[in-house]
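**Student:** Below is one structure. I have some questions about it.
The values are calculated or read from the model by the stated rules, or taken from the named source; none is laboratory data. Since we're looking at a predicted model, the values are computed, not measured. Positions of Cβ are backbone-derived with ideal geometry, glycine not excepted, and every protein chain shown enters the neighbour counts. Only protein heavy atoms, including side chains, enter the accessible area calculation; ligands, DNA and RNA are left aside. Shrake-Rupley method; radii C 1.70, N 1.55, O 1.52, S 1.80 Å.
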Amino acid sequence: MKRRWILILIALIFVLAISILVSIAVGSTNIPLRTIAKIIVDHKRAFLSAEETIILQIRLPRVLLGILVGMALSVSGTTMQTLFKNPMADPYIIGISSGAAFGAVLAMRLSPTLVPLMAIVCAISTAFIVYNIAKVGGKLPVNTLLLSGIAVGYFLSAITSFMIFNSGEGLHQVVFWMMGGLWGANWDRVEIIILPICIGMVILYLFSKDMNVMLLGEESAEHLGIDVETLKKIMLIISSIITAAAVSMSGIIGFVGLIVPHIMRIMVGPDHRILLPTSALAGGILLVLADTMARTMGEIPVGIITALFGAPFFIYLLRSRKRLY
Amino acid sequence: MLSVEEIDAYYGNVKVLEKINFSAKEGKLLGIIGPNGSGKTTLLKVISKIIKPSVGTVLLNEFDISKMGKRELARKMAVVPQESSTSFSFTAMEIVLMGRTPHLKRFETEGLEDLEVAKRCMKLTNCSNLAERQIDELSGGELQKVIIARALAQEPKVLLMDEPTSHLDIKNQIEILELMKRLTDDRLIVIAVFHDLNMASRYCEELILLKEGKIVSFGRTEEVLTSENIRNVFDISTSIKRDPLTNSLSLMVIPKKKEKEKIKESLRIHIICGGGSGSILMHSLDEEYEITAGVIHELDTDFEVAKALSIDMVSEAPFSPIGDERYEENLDMIRRSDIVIIANMPVGFGNIKNLYAAISAIEDKKEVLIIDETPIEERDFTDGEATEIFKSLREDGGIFVKDMHELLDRLENY
């Protein structure tokens with residue numbers, strides 16, 4: 001690996017660590033760094049102070065969930081942009097968000113505790129349906145995939161909107177859920193999604209060299225010995241799974257999966273061997289910081305923050321570097 | 001050696017290739033030519049396993065490529081596409097290094113050896129200076145050199161190219177083609193689709209001529225590139241000559257004769273010309289009149305043109321003065337014509353007899369039109385003899401016109 005890459009990774013890990021600390025310290029009660037250090041170092045002494053409860057049971061799981069969701073969305077966004085060779089692609093492009101929202105609305109009618117489960121089931125089913133609509137013979141033409149994703153997404157959104165419209169007050173909660181947020185964070189949720197997201201990201205990373213070659217075009221990739229159709233399926237299935245896992249726990253957080261890959265492409269270049277890990281780290285950082293802000297501003301949906309502060313930063317990067325890719 | 005045996009291929013229900021048989025050897029540049037839609041690109045795609053043929057096999061050194069894995073094939077065969085997408089900003093070196101992909105294991109990154117191969121290939125294609133440039137900043141010619149370097153970095157035995165120069169200007173075309181020629185050594189089979197027949201004839205030792213998915217001709221360039229073959233496949237008339245400068249066949253398209261009714265068919269015109277002075281004249285008059293010409297020296301441009309237009313003419317051996325026999329034949333032809341035109345030709349001792357023929361045409365009461373664009377003194381290489389004849393032509397009733405336009409106007413009025 002190039003030295004420059006290692007330096008960038010170390011820098012990002014350092015920034016992520018700082019972000020975690022800040023996020024743990026800041027909130028409705030500000031906790032001094034020294035107390036945090038003490039609690040983390042010897043929390044086995046079980047001196048169940050209020051501060052310890054806040055840190056270990058509330059803020060830490062929330063930070064970890066934020067990191068996981070941010071990483072999953074950014075890595076999935078990078079993968080989708082490469083798969084579709086389209087800068088507008090994001091993790092939700094094949095209708096996963098609409099599927100998740102549909103599941104969430106159904107669940108809220110039954111029991112709010114079922115929301116994550118129903119969201120992930122419906123999100124993955126949607127991806128599966130879209131995949132099968134787009135498949136022709138053994139092949140997966142990306143344009144058909146893109147369009148069928150959009151069509152299925154609109155269809156599900158229509159049903160979801162209709163259900164919300166008909167429900168009166170009852171489903172207003174779901175509107176907040178659809179804006180995305182880490183309110184429901186707890187250790188159980190972290191435990192559920194940590195494995196699928198981490199394993200998924202590792203699998204995608206293993207194909208990073210192949211994804212580079214994919215950028216040359218499918219036929220050129222084929223000529224370089226890549227099994228393009230298999231690679232496309234792997235990219236699509238894995239990124240759908242990690243996106244669905246993230247969405248089920250946090251709702252539909254926009255912007256992260258679209259913009260973080262672009263920011264990192266501007267900063268480290270298009271090579272997936274560095275682009276994927278840096279996008280993951282930057283996605284984690286962005287979401288943790290945005291969520292900290294969302295908490296201190298009175299629990300507003302984090303999607304609002306990511307777009308509100310991320311977009312101007314992105315525009316600044318666009319203007320200062322002439323090229324997007 | 002690459003052998004293609006009995007290939008049939010379909011797009012859906014449409015047969016696009018039929019009974020394709022040929023073989024390509026190391027060290028010879030093999031070109032594929034043919035009209036649009038004749039199956040050139042499809043043939044390349046079959047060879048590179050992008051399209052599966054319904055019947056037939058492609059053998060590389062006796063091994064069936066359909067039994068090879070993708071990576072294994074990519075180590076043996078590289079493809080340079082017509083155009084490459086450049087939307088993401090890798091550096092040229094990174095692009096060339098991607099050519100090493102089939103040689104790397106999944107978790108392996110490019111090592112020093114791969115870097116050496118990449119550098120060597122870039123040197124070979126003259127693009128080492130571009131190594132650190134972003135590919136989306138490169139010009140078409142530069143990009144194509146980088147893409148060829150990438151193909152070479154695969155260290156293939158076969159290099160396939162699909163119209164590798166079709167988007168390039170003439171200087172870059174030549175550079176890429178010279179490069180291809182240089183690359184075709186004893187270890188590499190190069191097969192390329194060509195659009196430009198002259199480029200194909202200049203750079204390929206062997207050609208495949210395709211028409212509607214079938215091979216019309218396959219063999220050495222001079223066997224394939226004949227006027228008959230080209231007319232059969234492209235439906236155009238051509239004049240194919242060996243270019244003295246490049247020693248390769250050069251092909252010129254002859255405008256298709258319009259199937260116009262010859263309104264003035266009864267009018268027979270005899271043209272006295274030489275040194276290229278009659279070429280345009282013959283072209284423009286041949287559509288409407290019965291044309292004859294003479295005496296023209298063989299190898300003269302006018303001789304070639306008259307031959308290409310199948311104009312009846314009297315010709316004399318190159319560089320010889322017009323002999324009595326030919327002179328008489330010419331007079332016979334003049335007698336059978338209604339009008340005689342003397343083109344704006346230079347006159348020397350070799351063709352001065354043509355002017356005497358014109359004098360006897362006037363004596364025969366023929367209409368003699370003389371194009372007097374360049375003053376005769378300037379094109380008289382007979383120490384004044386031609387000038388004298390011109391004088392008597394004028395006195396005896398020859399009609400002098402100042403250029404071809406005036407001539408055509410006059411002819412209109414007959």
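**Student:** State all residues of the range B:46-88 that are away from chain A (no Cβ under 12 Å), part of a helix (DSSP H, G or I) and touching a Leu at 6+ places or on another chain (Cβ under 9 Å); if no residue qualifies, say none.
**Tutor:** Passing the criteria: B:VAL46, B:ILE65.
**Student:** Could you grab me the full set of residues in the range B:303-360 that are of a type in the set (S, T, N, Q) and touching a Lys or Arg at 6+ places or on another chain (Cβ under 6 Å)?
**Tutor:** B:SER337, the sole residue that qualifies.
**Student:** From the list B:THR101, B:THR91, pick out the single residue that is buried (at least 17 other Cβ atoms within 10 Å of the Cβ), among the hydroxyl-bearing types (Ser, Thr, Tyr) and more than 8 Å from chain A (Cβ to nearest Cβ).
**Tutor:** When all the criteria are applied, what remains is B:THR91.
**Student:** With the condition kept exactly as written, say whether any residue in the range A:282-290 is modelled with pLDDT under 95, within 24 Å of B:PHE88 (Cβ to Cβ) and open to solvent by less than 10 Å² (accessible area, probe 1.4 Å).
**Tutor:** No - not one qualifying residue is present in the range A:282-290.
**Student:** Considering the range A:135-149 alone, what residues qualify as being of a type in the set (Gly, Ala, Ser) and surrounded by 12 or more Cβ atoms within 10 Å (Cβ to Cβ)?
**Tutor:** Listed by number, the residues that qualify are A:SER148, A:GLY149.
**Student:** Given the condition free of Cβ contacts under 8 Å to residues at least 12 places away in the same chain, more than 21 Å from the chain's Cα centre (by Cα) and either on the phi > 0 side of the Ramachandran plot or open to solvent by 50 Å² or more (accessible area, probe 1.4 Å) (or both), answer yes or no: does some residue in the range A:174-181 qualify?
**Tutor:** No, because not a single residue in the range A:174-181 is free of Cβ contacts under 8 Å to residues at least 12 places away in the same chain, more than 21 Å from the chain's Cα centre (by Cα) and either on the phi > 0 side of the Ramachandran plot or open to solvent by 50 Å² or more (accessible area, probe 1.4 Å) (or both).
**Student:** Could you grab me the full set of residues in the range B:38-62 that are surrounded by 13 or more Cβ atoms within 10 Å (Cβ to Cβ), free of Cβ contacts under 8 Å to residues at least 60 places away in the same chain and not β-branched (Val, Ile, Thr)?
**Tutor:** Residues satisfying the conditions are B:LYS45, B:LYS49, B:PRO53, B:GLY56, B:LEU59.
**Student:** Examine the range B:23-45 for a residue that is within 11 Å of another protein chain (Cβ to nearest Cβ) and not polar (S, T, N, Q), and state whether such a residue exists.
**Tutor:** Within the range B:23-45, one or more residues are within 11 Å of another protein chain (Cβ to nearest Cβ) and not polar (S, T, N, Q).
**Student:** Give just the number: which of (1) in a helix (DSSP H, G or I); (2) closer than 22 Å to A:GLU222 by Cα does B:PRO164 not satisfy?
**Tutor:** In the conditions (1) in a helix (DSSP H, G or I); (2) closer than 22 Å to A:GLU222 by Cα, B:PRO164 misses (1) alone.
**Student:** To continue, here is another question. Specify which of the listed residues (A:LEU7, A:LEU21, A:LEU12) is farther than 27 Å from A:ILE241 by Cα and surrounded by 13 or more Cβ atoms within 10 Å (Cβ to Cβ).
**Tutor:** Within the list A:LEU7, A:LEU21, A:LEU12, the selection yields A:LEU21.
**Student:** Just give me the residues in the range A:58-75 being closer than 14 Å to A:PRO277 by Cβ and open to solvent by less than 10 Å² (accessible area, probe 1.4 Å), in sequence order.
**Tutor:** A:GLY70, A:ALA72, A:SER74, A:VAL75
**Student:** Test A:THR35 against the criterion of being β-branched (Val, Ile, Thr) and at pLDDT below 80, and give yes or no.
**Tutor:** yes
**Student:** Having 3 or more residues that are out of contact with any helix residue (DSSP H, G or I) (no Cβ under 9 Å at 6 or more places or on another chain) and in contact (Cβ under 8 Å) with a residue 60 or more places away in the chain is the bar; report the helices (runs of 4 or more DSSP H) wholly within the range A:182-289 that clear it.
**Tutor:** none
**Student:** Another question about this same structure. Looking only at the range A:195-209, count how many residues are open to solvent by 60 Å² or more (accessible area, probe 1.4 Å) and under 20 Å from A:MET249 (Cα atoms).
**Tutor:** The total comes to 2.
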